[in-house]
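S.K.: Below: one structure in structure tokens.
The values are calculated or read from the model by the stated rules, or taken from the named source; none is laboratory data. Keep in mind it's a predicted model, so treat the numbers as computed, not measured. Backbone-built Cβ (ideal geometry, glycine too); neighbour counts: all protein chains shown.
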Amino acid sequence: MKTCLVVDDSSIVRKIARRILEEMDFQITEAEDGEQALEACKGAMPDAVLLDWNMPVMDGYEFLGKLRQLPGGDVPKVVFCTTENGMDHISRALQGGANEYIMKPFDKDIVTAKFQEVGLVALPEQSSI
Amino acid sequence: MTPPDYEYLRKLLKDHSGLDLSADKQYLIESRLLPLSRKCGVPGIGELVQKMKAGSSSIIAQVVEAMTTNETFFFRDKIPFEHFRDAIMPEMLKARAARKSIRIWCAAGSTGQEPYSLAMSLKEMGAALAGWRVEIIATDLSTEVLEKSKSGIYSQFEVQRGLPIQLLVKYFKQNGELWQINPELRAMVQHRQLNLLHDFSQLGVFDIVFCRNVLIYFDQDTKINIFGRLAKAMEGDGFLVLGAAETVVGLTDVFKPFPDKRGLYRPSGARAAATQAATLMPKIAAMAGR
């Protein structure tokens with residue numbers, strides 16, 4: 001089973017993300033900030049990280065930089081999921097090593113599409129009519 | 001919606017647009033026509049139907065338009081666009097090397113995601129297309145969706161489904177909550193209003209035709225007729241791309257499938273069956289006239 005670390009300082013957002021991703025057959029772990037997320041990754045690298053940007057203690061961008069420096073830290077697919085929807089943030093995230101970027105608000109379709117982009121979810125056999 | 005109203009709408013849609021709704025698509029009509037009822041200032045579909053029966057051509061036109069628009073998104077189903085990049089375009093670059101020009105038709109261009117996905121794919125091919133002229137013609141029955149397609153403006157939701165973030169950053173400009181595809185890509189797509197039931201020979205001959213998820217709404221005879229006319233509008237070594245749930249197999253032999261490439265077809269060179277053509281043309285002409 002693929003694992004996804006959901007990183008967001010809002011417990012509501014984490015809950016919604018968990019529900020969506022569990023339906024997509026991911027095993028979920030959670031972190032409230034970048035520092036907790038980093039500790040989680042040092043314990044076990046997840047296959048994916050759904051990453052908020054603005055968080056106390058350590059934000060998503062700083063976490064991303066530190067993650068990619070860890071041994072095996074280049075492996076997880078990092079998908080930002082944030083209210084920061086400006087081009088400047090997106091470009092910075094990509095330059096910082098993010099694989100994809102979701103602008104909040106998000107729904108199941110968007111999460112599915114983005115996780116398909118990074119190769120963590122197979123395409124359906126046929127599209128629905 | 002009462003059964004008689006549903007039947008009335010089914011027949012009207014079939015006569016005006018060829019759209020063939022099966023018996024269980026009430027939910028589709030409701031989801032599209034309830035908002036339209038509100039917009040027209042009537043309480044519900046029953047009252048909308050009354051106005052249509054009373055002869056309101058404007059409401060009839062709006063109903064047809066509301067029912068014939070499709071949901072679409074960028075790089076829908078992914079695989080056809082991989083075929084485009086990995087199979088179709090490489091072959092076309094060789095086959096058209098002398099002509100250095102390629103004509104592409106998106107026969108249900110809708111709100112533009114499909115033609116613009118092709119435009120982005122072409123841009124991504126970079127120097128391989130230097131000196132080439134590639135035309136993308138996007139047609140649709142609905143003038144409303146064509147206007148949206150021309151504008152190239154999409155919501156935050158729309159640009160997050162199917163579009164890799166790198167392409168969003170590269171080819172779009174942000175304008176508040178909206179995103180607009182760059183002028184260079186808008187310039188690559190020409191838009192025309194077209195009813196597929198009508199003669200489309202004036203569009204010329206194409207190398208590549210995307211006709212995805214629009215024929216599903218037509219009945220079998222109409223599909224066969226359109227396939228016949230599509231084959232005539234294509235070069236013999238051209239490519240036809242259908243939607244994931246569609247096929248020509250069992251309907252017509254004017255196209256032959258690529259066995260290992262789902263959704264991809266090429267003209268077979270066979271002529272459309274004469275008897276089909278003879279009986280169908282008056283019927284199609286009657287349907288198309290409005």
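S.K.: So is B:Trp105 away from chain A (no Cβ under 14 Å), more than 29 Å from B:Val64 (Cα to Cα), of a type in the set (Phe, Trp, Tyr) and touching a strand residue (DSSP E or B) at 6+ places or on another chain (Cβ under 7 Å) or not?
M.R.: Taking the combined requirement at face value, the residue does not satisfy it.
S.K.: Still on this structure: If a residue has to be within 19 Å of B:Ser31 (Cβ to Cβ) and at pLDDT 90 or above to count, how many in the range B:42-67 make the cut?
M.R.: Counting residues in the range B:42-67 that are within 19 Å of B:Ser31 (Cβ to Cβ) and at pLDDT 90 or above gives 9.
S.K.: Is it the case that some residue within the range B:76-85 is farther than 27 Å from B:Cys106 by Cβ and free of Cβ contacts under 8 Å to residues at least 40 places away in the same chain?
M.R.: No - not one qualifying residue is present in the range B:76-85.
S.K.: State all residues of the range A:1-23 that are assigned to a loop (DSSP other than H, G, I, E, B) and at pLDDT 95 or above; if no residue qualifies, say none.
M.R.: Within the range A:1-23, A:Asp8, A:Asp9, A:Ser10 qualify.
S.K.: Okay, next question. Which of the residues spanning the range B:224-255 are touching an Asp or Glu at 6+ places or on another chain (Cβ under 9 Å) and not aliphatic (A, V, I, L, M)?
M.R.: Across the range B:224-255, the qualifying residues are B:Arg229, B:Glu235, B:Asp237, B:Gly238, B:Phe239, B:Gly243.
S.K.: Restricting to the range B:232-268, give me the number of residues that are crowded, with 22+ Cβ neighbours inside 10 Å and farther than 20 Å from B:Ala87 by Cα.
M.R.: 1
S.K.: Test B:Ile165 against the criterion of being within 14 Å of chain A (Cβ to nearest Cβ), modelled with pLDDT of 95 or more and surrounded by 15 or more Cβ atoms within 10 Å (Cβ to Cβ), and give yes or no.
M.R.: Answer is yes for this residue.
S.K.: Checking A:Glu35 against (1) among the acidic types (Asp, Glu); (2) assigned to a loop (DSSP other than H, G, I, E, B); (3) more than 26 Å from B:Gln156 (Cβ to Cβ), which test does it fail?
M.R.: With (1) among the acidic types (Asp, Glu); (2) assigned to a loop (DSSP other than H, G, I, E, B); (3) more than 26 Å from B:Gln156 (Cβ to Cβ) applied to A:Glu35, the lone miss is (2).
S.K.: Assuming B:Trp105 fulfils every condition listed in (1) in contact (Cβ under 8 Å) with a residue 60 or more places away in the chain; (2) touching a Lys or Arg at 6+ places or on another chain (Cβ under 9 Å); (3) aromatic (Phe, Trp, Tyr) apart from one, which condition is it?
M.R.: Against the list (1) in contact (Cβ under 8 Å) with a residue 60 or more places away in the chain; (2) touching a Lys or Arg at 6+ places or on another chain (Cβ under 9 Å); (3) aromatic (Phe, Trp, Tyr), B:Trp105 comes up short only on (2).
S.K.: OK, next. Given the structure, is B:Gln193 surrounded by fewer than 21 Cβ atoms within 10 Å (Cβ to Cβ) and more than 12 Å from chain A (Cβ to nearest Cβ)?
M.R.: So B:Gln193 passes the test.
S.K.: Now, a different point. Just to be sure I understand, how many residues within the range A:113-126 are within 8 Å of chain B (Cβ to nearest Cβ) and either under 14 Å from the mean Cα position of the chain (by Cα) or among the polar types (S, T, N, Q) (or both)?
M.R.: Within the range A:113-126, residues that are within 8 Å of chain B (Cβ to nearest Cβ) and either under 14 Å from the mean Cα position of the chain (by Cα) or among the polar types (S, T, N, Q) (or both) number 5.
S.K.: Condition check: under 23 Å from B:Met67 (Cβ atoms) and of a type in the set (Phe, Trp, Tyr). Does B:Phe172 satisfy that?
M.R.: no
S.K.: Same structure, new question: Is it true that A:Val79 is closer than 30 Å to B:Lys173 by Cα and outside any loop (DSSP other than H, G, I, E, B)?
M.R.: yes
S.K.: Something else now. Inspect all residues belonging to the range B:202-214 and state whether any of them is closer than 30 Å to A:Lys77 by Cβ and at pLDDT below 95.
M.R.: There is at least one residue in the range B:202-214 that is closer than 30 Å to A:Lys77 by Cβ and at pLDDT below 95.
S.K.: Which of the residues that make up the range A:17-40 are of a type in the set (Lys, Arg) and surrounded by 17 or more Cβ atoms within 10 Å (Cβ to Cβ)?
M.R.: Residue satisfying the conditions is A:Arg18 alone.
S.K.: A follow-up question, please. Quick check on B:Leu33: is it under 30 Å from A:Thr112 (Cα atoms) and assigned to a loop (DSSP other than H, G, I, E, B)?
M.R.: So B:Leu33 does not fit the description; no.
S.K.: Applying the selection to the range B:128-166, what residues are within 17 Å of B:Phe84 (Cα to Cα) and in a helix (DSSP H, G or I)?
M.R.: Listed by number, the residues that qualify are B:Ala128, B:Leu129.
S.K.: From (1) closer than 26 Å to A:Glu117 by Cα; (2) away from every other protein chain (no Cβ under 14 Å), pick out the condition that doesn't hold for B:Ile79.
M.R.: The number of the failed condition is (2).
S.K.: If you take the residues of the range A:79-112 that are polar (S, T, N, Q) and within 7 Å of chain B (Cβ to nearest Cβ), which of them is surrounded by the fewest Cβ atoms within 10 Å (Cβ to Cβ)?
M.R.: Applying the filter and picking the extreme gives A:Ser91.
S.K.: Residue check, B:Ala66 against (1) over 18 Å from the mean Cα position of the chain (by Cα); (2) outside any loop (DSSP other than H, G, I, E, B); (3) without any contact (Cβ under 8 Å) to a residue 60 or more places away in the chain; (4) away from chain A (no Cβ under 14 Å), all met but one. Which one?
M.R.: Condition not satisfied by B:Ala66: (1).
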